[in-house]
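Just below is one structure, and these are the notes that go with it.
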Amino acid sequence: QVHLVESGGGLVQAGGSLRLSCAASGRTISRAAMGWFRQAPGKEREFVSGISWSGGSTPYADSVKGRFTISRDNAKNTVYLQMNSLKPEDTAVYYCAVNTRRVVPGIRPYEYEYWGQGTQVTVSS
């Protein structure tokens with residue numbers, strides 16, 4: 001089993017930055033694909049970014065490309081999401097997720113079997 005805890009969310013003005021962290025416990029994630037997803041009220045959960053076990057593959061949603069950066073530290077069992085130039089459209093609950101059966105991240109939520117509880121990100125205009 002893998003337990004995930006997100007942190008770093010909060011309220012920020014448009015153009016500001018936040019850094020989200022996701023700490024994993026229960027099992028090492030060095031051979032697992034990890035991802036960040038977000039869900040706004042009334043909307044489906046959507047892919048934000050993912051990262052392979054080695055960090056060599058880091059896909060991003062078009063809506064965040066160039067503004068967000070994903071990284072991981074396997075020694076610390078932690079994945080990060082640096083969010084810059086935030087927009088009101090980025091407002092959502094952000095979730096980290098793990099797929100222990102893959103080393104390369106997919107973009108579909110159902111591919112990830114472990115999820116954190118989420119952290120709220122609110123961007124004001």
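The values are calculated or read from the model by the stated rules, or taken from the named source; none is laboratory data. Model, not experiment: these values are computed from the prediction. Cβ sites come from the backbone with ideal geometry, for glycine too, and all protein chains shown count toward neighbours. These area figures cover heavy atoms from the full protein model, side chains too; ligands, DNA and RNA do not enter into them. Shrake-Rupley method; radii C 1.70, N 1.55, O 1.52, S 1.80 Å.
About its Cα centre, how strong a charge dipole does the chain have in debye, to the nearest 20, once Lys and Arg get +1 and Asp and Glu get -1 at the Cβ?
In debye, rounded to 20, the chain gives about 260.
Both radii were evaluated on the Cα set of the chain; the Rg over Rh quotient, with Rh as the Kirkwood radius, amounts to 0.94. Look at the alpha carbon pairs under 8 Å that are at least 6 residues apart: their mean separation over the length of segment 20-125 gives a relative contact order of 33 percent.
Toward the positive end of the charge dipole of the chain, with +1 on the Cβ of Lys and Arg and -1 on the Cβ of Asp and Glu, the farthest Cα among Ala61, Asn77, His3 is that of Asn77.
If both residues of a DSSP beta bridge must be in the chain, then about 90% of such bridges are antiparallel. With θ taken as phi - 60° and the Karplus curve 6.51 cos²θ - 1.76 cosθ + 1.60 applied, the whole-hertz 3J(HN,Hα) list for segment 42-55 is x, 10, 6, 5, 10, 5, 10, 6, x, 8, 6, 4, 8, x Hz, x standing for glycine and proline.
Summed over the residues of the chain and divided among them, the accessible surface reaches 50 Å² per residue at a probe radius of 1.4 Å.
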